Amino acid sequence: MQKSIEALRLAYITGLLLAIFVNQLLGQPPPDSTVRAPVDVNILFNYYTQEGDHSAVTGGIGTEELTDYDTRIIVLIPVDSASRLSAEAGFNTYSSASTDRIDSRMSSASSSDIRAAIQLGWEQDNPKTGQSNSWGMGGSVESDYLSMNFHSSYYQPLKKDQSALFVDAQAFFGRWVLYFPEELRDTVQPFITTDRRFSYHLNLQYQQVLNRRMNLALSTGFSYQHGLLSTPFHRVYFPEEELPRIERLPAQRWQWPLSLRLHYFAGSGVITRFFYRYYLDGFGIQAHSLELELPMKLSSNFTLTPIYRYHRQSASDYFQPYLGHQPDATFYSSDYDLSGFNSHKMGIGMQFSPARRWRLPGRKSRGELKSISLRIAHYRRSDGLRAWMGSMMWGWAF
């Protein structure tokens, strides 16, 4: 918990410095004769730390200790009354005792990593019909994986804005930089025939206003992946075999989610947000997730939101714990993310919107703080994994 507080302090300082930088980058205000919508800038800082004893790097045993710091800046720039340009840049660093076991030498280069990502997009509205479209592309790079993506979405209101249809499509094209466990680098791994991974996602959502207090959304979709879906540096140990093998999973995987989201406005500043999700995939995993949020508006500018999430899933057909696989198994993994488990996530969210917007330092500054959001949560899994996570976001208008 102390680490979370220290990280959030760092987040505050980081966010303030980034906001000042963006204010200078955007320059001076336009002449009084020029009227335009403000540029929205959101600065997000995430902190995550976990510990456990089932690392996939060491075959389902060993430390899972990991700490991750993630900073993102999201900018939405109005081009005209119906068009917007969006840009997102992210940078995160992590230290991991788990991946440090790729090599026998402790505190090796694999103990930490840096990831950078960028997304660019265009959003277009049709004021007459209420329709909207968006397109975008982006990419990310880290030490062992490179990726680029494309996405598009479409929103169509129906029945005098009482219902709507939303469609979203994404495609990811990734490439592994192959790293193997130290003791297996000179062995032959004949099943690794590619270093590519491709993922395609289609999501559909139907939204309906039921009455003045209640609305719901039904979502479904389909995902398909192919290529190298296993992680090259995950070990799997077999009985009576001196050396481990590298994790091996099928080259294709499909995923099907089905979800319901219900919002109920209870009055007196209280909203109930209920979410249920069913999940099924080609690896044999079935999962159920329940989530409840209770935003409470305590004043005109402060909202408090308790959060609870429960998740239960069955084990993949290809998962077994340390030394649990049969020698003749075709596919095998000891990654506990593919195991059967229950998990609980409990947290609290807070949002503050100042009655008078706070301006950035500088006589001619036009950067105004719109809101500050803070969220802290604790995650517990039945296999022993424990995690703390915290996030802080600043919303600015320039």
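Go through the stretch 380-398 and report how many residues are in contact with a helix residue (DSSP H, G or I) (Cβ under 8 Å, 6 or more places away or on another chain) and surrounded by fewer than 19 Cβ atoms within 10 Å (Cβ to Cβ).
Residues meeting the conditions: 2.
Taking the stretch 127-149 as the search range and keeping residues that are assigned to a loop (DSSP other than H, G, I, E, B) and either on the phi < 0 side of the Ramachandran plot or free of Cβ contacts under 8 Å to residues at least 24 places away in the same chain (or both), which one is nearest to the chain's Cα centre (by Cα)?
Glu142
Picking from Ser219, Ser230, Ser268, which residue would you name as being out of contact with any Cys (no Cβ under 7 Å at 6 or more places or on another chain) and without any contact (Cβ under 8 Å) to a residue 12 or more places away in the chain?
Selected residue: Ser268, the only one of Ser219, Ser230, Ser268 that is out of contact with any Cys (no Cβ under 7 Å at 6 or more places or on another chain) and without any contact (Cβ under 8 Å) to a residue 12 or more places away in the chain.
Could you tell me how many of the residues in the stretch 150-176 are touching a strand residue (DSSP E or B) at 6+ places or on another chain (Cβ under 7 Å) and in a loop (DSSP other than H, G, I, E, B)?
1
Conditions tested, residue by residue: (1) at pLDDT 95 or above; (2) of a type in the set (A, V, I, L, M).
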| position | (1), (2) |
| --- | --- |
| Ser81 | no, no |
| Ser107 | no, no |
| Leu120 | yes, yes |
| Glu123 | yes, no |
| Thr129 | no, no |
| Ser152 | yes, no |
| Asp161 | no, no |
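Taking the conditions exactly as written (at pLDDT below 95 and acidic (Asp, Glu)), does Glu242 satisfy them or not?
Criteria met by Glu242.
Which of the strands (runs of 3 or more DSSP E) contained wholly in the stretch 225-300 include at least 3 residues that are surrounded by 15 or more Cβ atoms within 10 Å (Cβ to Cβ)?
Hits in the stretch 225-300: 252-267, 270-281, 286-293.
The values are calculated or read from the model by the stated rules, or taken from the named source; none is laboratory data. Everything numeric here is computed off the predicted structure, so don't read it as measured data. Positions of Cβ are generated from backbone atoms using ideal geometry, with glycine treated the same way; all protein chains shown enter the neighbour counts.
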